[in-house]
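Below you'll find the structure, written out as structure tokens, and then a few comments.
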2 protein chains.
Amino acid sequence: MSTTAVAIAPDFADILAAANRISEHVHRTAVHVSRSFNDLVGAEVFFKCENLQRAGSFKIRGAMNAVFSLDDSTARRGVVTHSSGNHAAAVALAAHERGIPAYIVVGNNAPRAKIEAVRRYGGQLTLSEPTLAAREETARRLLDSTGGTFIHPFDDPRVIAGQGTATLELLDQISGMDVILAPVSGGGLLSGTAIAAHGVSSAITVYGCEPDLANDAARSFASGNLEKNVSQATIADGLRASLSERTFGILRQHVNGIVTVSEEEIIHAMRMFWELFKLIIEPSCAVPVAALLSRRMEVAGCRVGVIITGGNVDLHALPWLRNSSTL
Amino acid sequence: MSTTAVAIAPDFADILAAANRISEHVHRTAVHVSRSFNDLVGAEVFFKCENLQRAGSFKIRGAMNAVFSLDDSTARRGVVTHSSGNHAAAVALAAHERGIPAYIVVGNNAPRAKIEAVRRYGGQLTLSEPTLAAREETARRLLDSTGGTFIHPFDDPRVIAGQGTATLELLDQISGMDVILAPVSGGGLLSGTAIAAHGVSSAITVYGCEPDLANDAARSFASGNLEKNVSQATIADGLRASLSERTFGILRQHVNGIVTVSEEEIIHAMRMFWELFKLIIEPSCAVPVAALLSRRMEVAGCRVGVIITGGNVDLHALPWLRNSSTL
């Protein structure tokens, strides 16, 4: 899919450089804690609140790093992506901030809120049929006609390095961390998280967390081969992608294990988090929260960091209302 | 209703003393800002986030100040209140922290969540018929039998002084404030807010904000007499009480005006705040937010502080879902 990115992984120096590059363009987000939650899970848990980040998610970190890595003449031709989620809004905002065009391909069934977010930040929308193949083909045509740069939501070392800056910040804000958890979808965030964590201290244990209904990472770890998700059914709409060769390679090197949770656990954890922290988190963020509540990892007495990834939720379709009879 | 409190107002020194007394028992809450919101209202707005406070609201400040003001022999007999809202949970937690009993009278129609909050903090519940008269009578019997101290939700100088510490903190966190807004119900928070603001600077303008459907303060200001709310219909369930002689006296001296907003404006402001800030706020908090959006006050170019009072919301009964057809 074009771009100069070869299948390499960023290293810790790339994350340090990204942090420097994007510092003026992203918030240094707060870390929230709750005594009640700590009592429940028997650990000291520090939530890095990227739901309070610009454009509502950590995705702005990778997008800013990618967009501000481009040389001027390349940048001028604009950037292209075909994610319909938080990455699309992030790329639109990053491009706006650099003063270059962002061409965003969105499936014609995408939620209105996602489309509005892209528009709000000045992104130029192109609608396509709602399949991945159709979106990729539309993006390819846009790349051909504009000479722009494709910014993949996760399979890009610049994006991975940008996402890693959240963990770099967290480890600067909180000392003596033993364990870090992040959700895993395509693996960009978890790759950046793990590289950043081990750049700071090789003693930190890193876990990925994913829904049972999108457990490609757990299956890939188990089989040693890159497995793909076959269902899009999880309510954690940010976690439906599958790993790439690049991210799988990074995770095998740096990640200690993958923990999976059920849809019921995700919904329960999400609602509990809203009630306890008074912070709006997406279903995807609730996956590591659910993993902690499930006690499927050894974290007793540990200092645990959790990357809370985003807060963009459809307030008219909350999962505990749709599923209230099962809770 | 017993207690040693006479009908006096606290002064700025009482608020300073309260801040000192409760500092170990309450959070120094964060101040949140949003560029998008500022653009919308044409002012720089600083939200003091007491929804992130212990027990989920500013009420813990007044409760802690009242409970920790008691001498040991008085304290030992316990404290009594008959609020069913955030004040009840706050009194229960404050008493728990001092190691004394809290006797909480709750109407037998109170929402389960409110009752659970009181129980969680170790409060001893007594159910009564759901009228104010019945709750007062039950509280009176408890006071007689225990020799405890009544802690009124707002008509108490210790409570008012405690609530004022939120503004003291805000003005320490943010310099050069021109205007401060707080919702007004019984007037305890607004009284403390105004005394604290004018203790710091007499140049600060203070507005109270209330629902059209519970506009006793606006009517009292207009008539010069203490007026009462006749309806309990507003969705801002924390703002249904009416001023007392004490709080009305304080407000007449310190508050520049009362702004009222409609139910539709409250619901719109609440949802917008959730989407923009990713923070859960109660309908009551949305009243000053709605007042700013309505532009019914002169705040162009000002630095405006807003006390966000609490985040205890029934996540199964969100107002934009109940009223979605009207929005």
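Against the condition open to solvent by 40 Å² or more (accessible area, probe 1.4 Å) and not assigned by TED's automatic domain parsing to the domain that holds B:Met177, how does B:Arg77 come out, does it pass?
Details: open to solvent by 40 Å² or more (accessible area, probe 1.4 Å): yes; not assigned by TED's automatic domain parsing to the domain that holds B:Met177: yes.
Against the criterion (open to solvent by 40 Å² or more (accessible area, probe 1.4 Å) and not assigned by TED's automatic domain parsing to the domain that holds B:Met177), B:Arg77 qualifies.
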Matching residues in region B:281-295 (surrounded by fewer than 24 Cβ atoms within 10 Å (Cβ to Cβ) and among the aliphatic types (A, V, I, L, M)) number 1
When A:Lys48 is run through (1) basic (Lys, Arg); (2) away from chain B (no Cβ under 13 Å); (3) open to solvent by 10 Å² or more (accessible area, probe 1.4 Å), the failure sits at (3)
Looking for something open to solvent by 30 Å² or more (accessible area, probe 1.4 Å) and under 18 Å from the mean Cα position of the chain (by Cα) - is there at least one such residue anywhere in region A:105-123? yes
Which of the numbered conditions does B:Ile160 fail, given that it passes all the others? Conditions: (1) under 30 Å from B:Thr29 (Cβ atoms); (2) open to solvent by 10 Å² or more (accessible area, probe 1.4 Å). (2)
Mind telling me which of the residues B:Asp14, B:Asp39, B:Asp72 ends up being open to solvent by 10 Å² or more (accessible area, probe 1.4 Å) and either under 26 Å from B:His316 (Cα atoms) or within 14 Å of another protein chain (Cβ to nearest Cβ) (or both)? B:Asp39
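Just the residues that are farther than 14 Å from B:Pro319 by Cα and of a type outside the set (D, E, K, R), please, taken from region B:258-282.
Within region B:258-282, the first condition is being farther than 14 Å from B:Pro319 by Cα, and the residues that meet it are B:258-261, B:275-279.
Within region B:258-282, B:Ile258, B:Val259, B:Thr260, B:Val261, B:Leu276, B:Phe277, B:Leu279 meet the criteria.
Which residue is nearest to B:Gly192 (Cα to Cα), if the candidates are limited to region B:301-312 and must be in a strand (DSSP E or B), of a type outside the set (Lys, Arg) and more than 9 Å from every other protein chain (Cβ to nearest Cβ)? It would help to see each step written out before you state the result.
Looking only at region B:301-312, we keep the residues that are in a strand (DSSP E or B), and these are B:303-308, B:310.
From the residues that got through so far, the ones that are of a type outside the set (Lys, Arg) too are B:304-308, B:310.
Keeping just the survivors that are more than 9 Å from every other protein chain (Cβ to nearest Cβ) gives B:304-308.
Values: B:Val304: 17, B:Gly305: 14, B:Val306: 14, B:Ile307: 11, B:Ile308: 14 Å.
Ranking the qualifying residues of region B:301-312, first place goes to B:Ile307.
Where in region B:166-267 are the helices (runs of 4 or more DSSP H), entirely inside, with at least 2 residues that are small (Gly, Ala, Ser)? If you could, list the steps in order and put the result at the bottom.
Numbers: elements: B:188-200, B:216-223, B:245-254.
Once the helices (runs of 4 or more DSSP H) in region B:166-267 are filtered for at least 2 residues that are small (Gly, Ala, Ser), what remains is B:188-200, B:216-223.
Yes or no: B:Leu315 without any contact (Cβ under 8 Å) to a residue 40 or more places away in the chain, surrounded by fewer than 23 Cβ atoms within 10 Å (Cβ to Cβ), in a helix (DSSP H, G or I) and within 11 Å of another protein chain (Cβ to nearest Cβ)?
On the way: without any contact (Cβ under 8 Å) to a residue 40 or more places away in the chain: yes; surrounded by fewer than 23 Cβ atoms within 10 Å (Cβ to Cβ): yes; in a helix (DSSP H, G or I): no; within 11 Å of another protein chain (Cβ to nearest Cβ): yes.
Spelling it out, it is not the case that B:Leu315 is without any contact (Cβ under 8 Å) to a residue 40 or more places away in the chain, surrounded by fewer than 23 Cβ atoms within 10 Å (Cβ to Cβ), in a helix (DSSP H, G or I) and within 11 Å of another protein chain (Cβ to nearest Cβ).
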Among the residues of region B:138-157, how many are open to solvent by 10 Å² or more (accessible area, probe 1.4 Å) and among the hydrophobic types (A, V, I, L, M, F, W, C)? 3
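Would you confirm, using the coordinates I've provided, whether B:Leu171 is touching a residue at least 24 places away in the same chain (Cβ under 8 Å) and open to solvent by 20 Å² or more (accessible area, probe 1.4 Å)?
Numbers: touching a residue at least 24 places away in the same chain (Cβ under 8 Å): yes; open to solvent by 20 Å² or more (accessible area, probe 1.4 Å): yes.
Considered against the rule, which asks whether it is touching a residue at least 24 places away in the same chain (Cβ under 8 Å) and open to solvent by 20 Å² or more (accessible area, probe 1.4 Å), B:Leu171 comes out as yes.
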Any chance B:Gly99 is open to solvent by 60 Å² or more (accessible area, probe 1.4 Å), more than 21 Å from the chain's Cα centre (by Cα) and at positive phi: yes
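Please tell me if A:Ile204 is closer than 19 Å to A:Pro157 by Cα, open to solvent by less than 30 Å² (accessible area, probe 1.4 Å), of a type in the set (A, V, I, L, M) and at pLDDT 95 or above. Break it down into steps so the answer makes sense when it comes.
Working: closer than 19 Å to A:Pro157 by Cα: no; open to solvent by less than 30 Å² (accessible area, probe 1.4 Å): yes; of a type in the set (A, V, I, L, M): yes; at pLDDT 95 or above: yes.
So A:Ile204 does not fit the description; no.
Can you name every residue in region A:124-159 that is assigned to a loop (DSSP other than H, G, I, E, B), under 23 Å from the mean Cα position of the chain (by Cα) and in contact (Cβ under 8 Å) with a residue 60 or more places away in the chain?
A:Ile151, A:His152, A:Pro153, A:Phe154, A:Asp155, A:Asp156 - these are the residues of region A:124-159 that are assigned to a loop (DSSP other than H, G, I, E, B), under 23 Å from the mean Cα position of the chain (by Cα) and in contact (Cβ under 8 Å) with a residue 60 or more places away in the chain.
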When the residues of region B:207-239 are narrowed to those that are open to solvent by 30 Å² or more (accessible area, probe 1.4 Å) and within 18 Å of B:Ile307 (Cα to Cα), which ends up farthest from the chain's Cα centre (by Cα)? B:Tyr207
Taking the stated definitions as given, is B:Glu298 within 27 Å of B:Thr131 (Cα to Cα) and either surrounded by fewer than 22 Cβ atoms within 10 Å (Cβ to Cβ) or away from chain A (no Cβ under 14 Å) (or both)? no
Going by the structure shown, is B:Leu292 of a type outside the set (Gly, Ala, Ser) and either more than 11 Å from every other protein chain (Cβ to nearest Cβ) or not in a loop (DSSP other than H, G, I, E, B) (or both)? yes
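Say whether the condition of being hydrophobic (A, V, I, L, M, F, W, C) and within 14 Å of another protein chain (Cβ to nearest Cβ) is met by at least one residue in region B:231-245. If you could, list the steps in order and put the result at the bottom.
Initially, region B:231-245 is screened for residues hydrophobic (A, V, I, L, M, F, W, C), giving B:233, B:235-236, B:239, B:241, B:243.
Checking which are within 14 Å of another protein chain (Cβ to nearest Cβ) leaves us with none.
For region B:231-245, residues hydrophobic (A, V, I, L, M, F, W, C) and within 14 Å of another protein chain (Cβ to nearest Cβ): absent.
Step by step: first the residues of region A:250-268, then only those that are more than 19 Å from A:Val179 (Cα to Cα) and open to solvent by less than 40 Å² (accessible area, probe 1.4 Å), then the one that is farthest from the other protein chains (Cβ to nearest Cβ). Which residue is that? Quick ask: steps written out before the conclusion?
Just the residues of region A:250-268 that are more than 19 Å from A:Val179 (Cα to Cα), to begin with: A:262-268.
Subset that is open to solvent by less than 40 Å² (accessible area, probe 1.4 Å): A:262-263, A:266-267.
Values: A:Ser262: 20, A:Glu263: 18, A:Ile266: 15, A:Ile267: 11 Å.
Among residues in region A:250-268 that are more than 19 Å from A:Val179 (Cα to Cα) and open to solvent by less than 40 Å² (accessible area, probe 1.4 Å), the one farthest from the other protein chains (Cβ to nearest Cβ) is A:Ser262.
Quick one: would you say B:Ala90 is more than 18 Å from B:Gly188 (Cβ to Cβ), of a type in the set (A, V, I, L, M), in a helix (DSSP H, G or I) and not assigned by TED's automatic domain parsing to the domain that holds B:Arg303?
Against the criterion (more than 18 Å from B:Gly188 (Cβ to Cβ), of a type in the set (A, V, I, L, M), in a helix (DSSP H, G or I) and not assigned by TED's automatic domain parsing to the domain that holds B:Arg303), B:Ala90 does not qualify.
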For the subset of region B:274-288 comprising residues that are touching a strand residue (DSSP E or B) at 6+ places or on another chain (Cβ under 7 Å) and part of a helix (DSSP H, G or I), which member is farthest from B:Leu213 (Cα to Cα)? B:Phe277
Apart from one, (1) farther than 19 Å from A:Gly192 by Cβ; (2) open to solvent by less than 10 Å² (accessible area, probe 1.4 Å); (3) in contact with an Asp or Glu (Cβ under 9 Å, 6 or more places away or on another chain) all hold for A:Phe273; the odd one out is (3)
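The values are calculated or read from the model by the stated rules, or taken from the named source; none is laboratory data. Remember, it's a predicted structure, so these values are computed and weren't measured experimentally. No Cβ is skipped: glycine too gets one built from the backbone with ideal geometry, and neighbour counts run over all protein chains shown. Ligands, DNA and RNA are stripped out before the accessible areas are found, and what is left, the full protein with its side chains, is counted by its heavy atoms. Shrake-Rupley method; radii C 1.70, N 1.55, O 1.52, S 1.80 Å.
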